Amino acid sequence: MTLVVAVVAWSVLRPIWSGVTGRAEEEVVSVDSSTREALLEAADRFLETDPKRVGSYVLASERPDLIPRVFCHEEFIEVRRKDRQLLLGIVAVCEELARSGASLVGGTGYRTSLLLTIESVNGGLAVRQVEEASDGALNVPSVREMFSFWGAPRALDLAATGSGMHDVVRETAREAFGLPSGTDVTYITELESASSPGP
């Protein structure tokens with residue numbers, strides 16, 4: 001029992017001691033599982049298709065013949081209310097991937113904390129704005145501004161340790177492209193190195 005109390009106390013107090021608690025002041029709201037899923041689906045749909053992001057990715061620019069797609073996976077951090085809009089805090093992994101024969105080819109990818117402004121439109125959810133952690137120092141200053149007191153440490157921890165999220169994205173891409181589970185990913189920089197003439 002003492003060990004359980006100690007673990008809970010550590011998980012609660014660690015963010016305070018480490019100084020990485022968030023500063024956002026909007027009300028954090030509790031959402032049920034179906035609302036959470038709908039919010040994450042809206043985020044996923046937006047991040048996978050936003051032309052301001054997708055059009056500049058490396059495969060789309062340099063190998064459009066491969067017909068690359070962007071695949072994302074999001075982990076929920078929190079929802080806050082701001083007037084009639086909701087602020088969805090997530091950590092997202094997105095990767096640009098394509099099939100080339102029996103191989104999976106990767107281009108641009110990232111894992112970062114995001115704050116999406118979402119509103120209800122015609123019975124659905126629409127993303128109106130995306131704020132991205134954009135500074136150095138492991139994004140700590142901007143994440144503290146983007147998230148609530150308890151949300152910021154969760155976002156920072158997941159952004160630092162969430163490498164498994166990439167595995168989810170790649171497996172989703174393999175399935176979408178009809179490739180066997182576990183097919184290796186070759187990144188475009190590796191392809192370019194292999195095709196470059198030696199000295």
field: In the stretch 28-76, residue most open to solvent (accessible area, probe 1.4 Å) [restricted to those that are modelled with pLDDT of 95 or more and over 23 Å from GLU171 (Cα atoms)]
entry: SER30
query: So which pairs qualify, if the first residue must be in the stretch 80-98 and farther than 14 Å from ARG128 by Cα, the second must be open to solvent by less than 10 Å² (accessible area, probe 1.4 Å) and among the polar types (S, T, N, Q), the Cβ gap must be under 6 Å, and the two must be at least 6 apart or on different chains?
result: VAL91/SER113
Cβ pairs under 9 Å, 6+ apart, first in the stretch 47-58 and touching a residue at least 60 places away in the same chain (Cβ under 8 Å), second in a helix (DSSP H, G or I) and loosely packed, with under 14 Cβ neighbours inside 10 Å: VAL58/THR189
Those residues of the stretch 112-160 which are out of contact with any Lys or Arg (no Cβ under 9 Å at 6 or more places or on another chain) and of a type in the set (D, E, K, R), in sequence order: ARG128, GLU131, GLU132, ASP135, ARG154, ASP157
- prompt: Which of the residues that make up the stretch 110-133 are closer than 16 Å to LEU47 by Cβ and either open to solvent by 50 Å² or more (accessible area, probe 1.4 Å) or in a loop (DSSP other than H, G, I, E, B) (or both)?
  reply: ARG111, LEU125, ARG128, GLN129, GLU131, GLU132, ALA133
- prompt: How many residues, within the stretch 72-97, are in a strand (DSSP E or B) and over 28 Å from VAL140 (Cβ atoms)?
  reply: 1
message: Considering only the stretch 83-106, I want to know if a residue exists there that is modelled with pLDDT of 95 or more, crowded, with 17+ Cβ neighbours inside 10 Å, among the acidic types (Asp, Glu) and more than 25 Å from ARG154 (Cβ to Cβ).
response: yes
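The values are calculated or read from the model by the stated rules, or taken from the named source; none is laboratory data. Because the structure is a prediction, the values reported are computed rather than measured. Glycine gets a Cβ as well: all are built from the backbone with ideal geometry, and neighbour counts include every protein chain shown. We work out accessible area using only protein heavy atoms, side chains counted, and drop any ligands, DNA or RNA first. Shrake-Rupley method; radii C 1.70, N 1.55, O 1.52, S 1.80 Å.
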